[in-house]
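All remarks here apply to the structure that follows.
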Amino acid sequence: MITPHNFESDIFKKIINLIGSGKINISLKTNDDATYDLFIKRFPKERLEYLTQSEYCLDSTKNTDKSGLTSSFCHWIEYKLRSVIGGYFAGTARSHLIYIDKDGVMYKNPNLASLDDDDAVKYVTKIHSIVANANPHEDLKWLDSDAEIYKKAGLAQMATMGIGRKLRLVSIYNPETVLPIASSPHLKKFLIALGLTNNEIPGHEFGFARLELLTVFY
């Protein structure tokens, strides 16, 4: 829990002074709202668990429509929303759990190898739906527990996503209430700069606990 001394750091005081000086605009929003609107229209969070293979998967055999009209969900959250809500770098296509390789074959996370293609899509989209539909006005720290996600999804414990992807999903569907930082290490960097010690910051896998602390400062 944050204690009063954390609000006495030099960095925190500088931020408060900058806000008071009027030199920064903390309400500034992207001018790329049309892109975000297109994403929400194509992929409303209520429909995520029903996405088809072509709607969800990155596909190395296809060219991506620059307008975004044929771009997959995975392409959108990793690439097309960067100008709208900041960066998210998955690292490799494997972070998406499933994708279509250059030979047109579906790659599956090894823990999903026993599923056929259709069932793998259903499994992955259900996991995404549970995370994306988390209520931002309630305690989000349950998302740090994979066991809780499996339980709410009603699925066997086979494969889930990394903490960065969880943070990305919740932030892109709740831009007014959730800070758009899809990196647990970045959250730690900000908290350290604001005066917290390593002992006060939850471990790497507790990204939403870290996010909660940073939100208090915000």
Q: Extending each Cα 7 Å along its Cβ direction at His204 and Phe89, get the distance between those two points in nm, one decimal.
A: 1.5 nm
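If R0 is 41 Å, what FRET efficiency do you get for Leu18 and Ser145 from their C-beta distance, rounded to 0.05? Could you put the intermediate results ahead of the total?
Numbers: r = 37 Å, r/R0 = 0.90.
My answer for the efficiency is 0.65.
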Q: Calculate, for the chain, the solvent-accessible area per residue in square angstrom, rolling a 1.4 angstrom probe over the heavy atoms of the protein chains.
A: 55 Å²
Q.
If I model a spin label as a point 7 Å beyond the Cα along the Cα-Cβ vector, how far apart are those points for Thr177 and Glu46 in nm?
A. 1.6 nm
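Considering all projection directions equally, how large on average is the shadow of the alpha-carbon convex hull of the range 105-175, in square nanometres? Let's see the in-between values first.
On the way: hull surface 20.0 nm².
Average projection, Cα convex hull of the range 105-175: 5.0 nm².
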**Q.** Förster radius 41 Å - calculated FRET efficiency between Ala34 and Ile11, Cβ distance, rounded to 0.05
**A.** 0.70
Q. What are the DSSP H helices in the chain that stretch 30 Å or more along their long axis, judged by alpha-carbon atoms, and whose average Kyte-Doolittle hydropathy comes to at least 0.5?
A. none
Q) Carbon and sulfur: what percent of the range 133-205's accessible surface (1.4 Å probe)? A) 52 percent
Q: Work out, in µm²/s and without decimals, the Stokes-Einstein translational diffusion coefficient of the chain at 25 °C, 0.890 mPa s, Rh from Kirkwood over C-alpha pairs.
A: 131 µm²/s
Q) Suppose every K and R has +1 on its Cβ and every D and E has -1 on its Cβ; what is the size of the dipole of the range 31-167 about the Cα centre, in Debye to the nearest 20? A) 160 debye
Q | Modelled FRET efficiency - R0 25 Å, Gln157 with Ile192, Cβ distances, 0.05 increments | A | 0.15
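Add -39500 (n - 2.57) for each DSSP H run of 4 or more in the chain, then divide by its residues: what number comes out at 222 nm, to the nearest 500 deg cm²/dmol?
Numbers: 9 runs with 85 residues, N = 218.
About -11000 deg cm²/dmol.
The values are calculated or read from the model by the stated rules, or taken from the named source; none is laboratory data. For clarity, every value in this text was computed on a predicted model and none was experimentally measured. Virtual Cβ from ideal backbone geometry, glycine too; neighbours counted across all protein chains shown. Side chains are part of the model used for accessible areas, which takes the heavy atoms of the whole protein and leaves out ligands, DNA and RNA. Shrake-Rupley method; radii C 1.70, N 1.55, O 1.52, S 1.80 Å.
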